[in-house]
Each structure stands twice: as structure tokens, then as C-alpha cells.
1. So which residues in the range B:22-61 are of a type in the set (A, V, I, L, M), surrounded by 15 or more Cβ atoms within 10 Å (Cβ to Cβ) and not in a helix (DSSP H, G or I)?
2. Would you point out the residue of the range A:109-131, among those that are without any contact (Cβ under 8 Å) to a residue 40 or more places away in the chain and more than 15 Å from the chain's Cα centre (by Cα), that is surrounded by the most Cβ atoms within 10 Å (Cβ to Cβ)?
3. For the range A:22-34, indicate whether the set of residues that are in contact with a Phe, Trp or Tyr (Cβ under 6 Å, 6 or more places away or on another chain) and more than 16 Å from DNA strand D (Cβ to nearest atom) is non-empty.
4. Can you find, within the range B:107-123, the residue that is farthest from the other protein chains (Cβ to nearest Cβ) among those that are in a helix (DSSP H, G or I) and under 20 Å from B:Arg10 (Cα atoms)?
5. Just to be sure before I move on: is A:Leu7 within 14 Å of chain B (Cβ to nearest Cβ), more than 16 Å from DNA strand D (Cβ to nearest atom) and either of a type outside the set (S, T, N, Q) or in contact with a Phe, Trp or Tyr (Cβ under 9 Å, 6 or more places away or on another chain) (or both) in the structure I sent?
6. With the structure loaded, tell me whether B:Arg37 is basic (Lys, Arg), more than 14 Å from chain A (Cβ to nearest Cβ), more than 11 Å from DNA strand C (Cβ to nearest atom) and under 24 Å from the mean Cα position of the chain (by Cα) or whether it fails that test.
7. Taking only the range A:62-106 into account, find how many residues are facing chain B (nearest Cβ under 8 Å), in a helix (DSSP H, G or I) and touching a residue at least 40 places away in the same chain (Cβ under 8 Å).
Protein chains: 2
Amino acid sequence: MAAADELFYRQGFDHTSFADIAGAVKLSRGNFYYHFRTKDEILDAVIDRRLEATRAMLAGWAAEGASPVARIECFVRILIMNQIRIMAYGCPVGTLCQELAKLDHAARARAADVFALFRDWLTAEFEALGAGDEAGALALHVLGWSQGTAALANAFKDEVFVRREVDGMCAWLAAQARRLARARR
Amino acid sequence: MAAADELFYRQGFDHTSFADIAGAVKLSRGNFYYHFRTKDEILDAVIDRRLEATRAMLAGWAAEGASPVARIECFVRILIMNQIRIMAYGCPVGTLCQELAKLDHAARARAADVFALFRDWLTAEFEALGAGDEAGALALHVLGWSQGTAALANAFKDEVFVRREVDGMCAWLAAQARRLARARR
DNA sequence: GTCTATACCATGATAGAC
DNA sequence: GTCTATCATGGTATAGAC
């Protein structure tokens, strides 16, 4: 499953064959079918894996960050931490969603659930900042911003751009926090 | 070429077969090979087509918009104009770049040239606004913002989100124009 | 220029020996 | 659980008749 996850990320789901995955874990194709009967079955398993990994990561950030702003900054910083892989292969979440959309694949909605985890987590953090009804919109804005940054990082391989957008996101976040603090008083 | 362009957009390049394209224009597969000898050849033709169409569109906006802000707003509004197709298939430019990146395809750089056309056009508009050295960064920011909006529009199929981000972009643009006008004085 | 026929290969998937 | 052998399908690409 880890090998399939990595190959789906690097080569795309459709372009990755059973032979690729079996070869990566040094199994014969025949044996591979003992574990996963169809390609959709291993895709489901990979998405489950990603959902679980995402939940664990978000829980980690919740424990790590002292304030909502610090926690949201953990999210923003994955663009820097995974910069090399994002420049080569894009965002794992966004690219899978987009591919499954083009394939009109049944698992499309489940792939979008990974995005939904980030969205809901960010929404909760903005609510903790006092954003109220606005929290969902702010969460989607940050999520979209990071997606756009990943897309252009992949297209142009421009490290300076990524750094600048991340700094911009942090500055925007601080400004939002100040604005919401003022509104609270 | 138009049929291939549309199919590459809707189904992805890799997932579209010669039979699909030949069938769409009611040609036999054999005959199709008379016109395009390899799949890469038709991909090159499609990218050329897109480059040309993009140049024409940008030239149209240059003529249409009375001011740099009005012209950049033309760019922002394609998210609204193409909303239905973007929600179904994503941004044509971004999704092709991402797919070719995963396929590690030789045409990857040429696909990114379409992005570069938008980037350079936006840079020139921000320069006309008086942004100077900052123009390139502002151009990439707008381009990334629209890419992120397209990515989430595709994942969540949320029309309200798209409208809100477009309004946000226009407001941001107006604020930048005011800031640059003040700095000029 | 257009077609049929076909070579050739990779793929998803199965059967069955060990 | 692991393997080899095999099948059916569909893909890119070519040859050659008309």
C-alpha cells in the first residue's frame, strides 16, 4: 500500500500498472492479485491510508501549535517542508483529485474527502480565532491559496515564489487574527 | 486537433486513445496516422493550438480593457465564464501541466509555456500599474490564486466559493492599484 | 487521402501448480 | 501465500490495398 501510494503520487493512478507496484515490492503480478483483486481496490486502500495519515498529521499540529495562528502556520509550512516533491510531482491531494475527476472515477468523491479534512480542520481553527460564520470561507481561502502555490511551484519550479507566497500567507494570517481580535472587543 | 484538444482536456492526455480522437472526427485509426504519426506529435499540435489561442485571448483583453485593472479583471473573470467546465474538468492549463509532470513527458516544459504567457502578460499589466520590480511577484500571485480557486472548484464543486474568491481577487486588485498610485506620488 | 488488416506489446485479470 | 502460465482487451504503430 505504501508503494502504491508513492507510485500513484509520482506517476499518477492511471499511469501506474500492477506490474509497477508489484515490482516495487518485489512480488509477482500473480501474487499481487492475492492481496488486491482490482485496481480500484488498491486505490480505495491508498485513499484510506491518506485519510488516516492526514487525520494523524492534523492531530499532531493541534498538539504542537500553541495558538490557532501557530497551528494554521503548521499547515502553511508543509509547502516549504515538501517543496522538492511538490515541485516535481505537485500536491498529492490536489493531483489525485484532479486525475480522478478526468477519469470520471467512482473514488473521486473519496479523494476529495482528504481535502475536506483539511478544510474542516482549518475551519475549526478560524472559529477558535473568533471568525464565526466567516470561518469556512477563510479556511477555503487558505486551502485554495496553498493549492495554487503548489500548482505553480510544479509548473515553474520556482523556489523563490513558494517562499514568497508562504510569507504572504503568514502575513495575511496575522492580519486576519488582528482584525478578528479587534472585532471581538 | 480541436477534437484532440477537447478530449485531452476532458479525459486527460494519457487516458485519451487514438481511437477516441479518430472516432470523434469519424476517421479510421489507420487514416488518423496519416495526419499524426505519434501521440506526442498530436500533443505538440494541441499545445501549439493552445499557445496561439492564449495569445489571441490576451491580445483581445489588451484591446478590450481600458485600464490595467480592467484588463487584469478580464483574466480573473475567466473563472466565472468557464465555471461549469472548470468544476467538471479543472483548469485546462494547470491540469495538462500537472499530468505531463507526472508522466515525466518531454512536452512538460512547452505546456508550462502557456502558463508563462499568462504570467508575462500579467507582469506587463502590473508594470503598467507602476509596480516596477514587484510586477512579476504580483503576476504570479494572481495566477496562483486563480489556479487554487480552480483546483478547489473542481474538488468541491462549490459555486459560491468561486464567486467569493473572484470578488476577493477584484478587491485585492483595487487595493494594489490604490497602493501603487499612492507610492507613485 | 482514406481505408482494412494486422503486428506487437502492455495491461488488468484469472487459473491453477506448488 | 507465492509463483508461473495464460487470457482477453485495448493501446500505439505499420503495411499496403484502393
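Taken together, the values in this text are just the output of simple stated rules run on the coordinates, not laboratory data. What you see is a predicted model; the values in this text were computed from it and never measured. Note that we place each Cβ from the backbone using ideal geometry, even for glycine, and neighbour counts take in every protein chain shown.
1. The answer is B:Leu27, and nothing else.
2. The qualifying residue surrounded by the most Cβ atoms within 10 Å (Cβ to Cβ) is A:Thr123.
3. Scanning the range A:22-34 turns up no residue that is in contact with a Phe, Trp or Tyr (Cβ under 6 Å, 6 or more places away or on another chain) and more than 16 Å from DNA strand D (Cβ to nearest atom).
4. The residue in question is B:Arg110.
5. Yes: the conditions hold for A:Leu7.
6. Answer is no for this residue.
7. Of the residues in the range A:62-106, 6 are facing chain B (nearest Cβ under 8 Å), in a helix (DSSP H, G or I) and touching a residue at least 40 places away in the same chain (Cβ under 8 Å).
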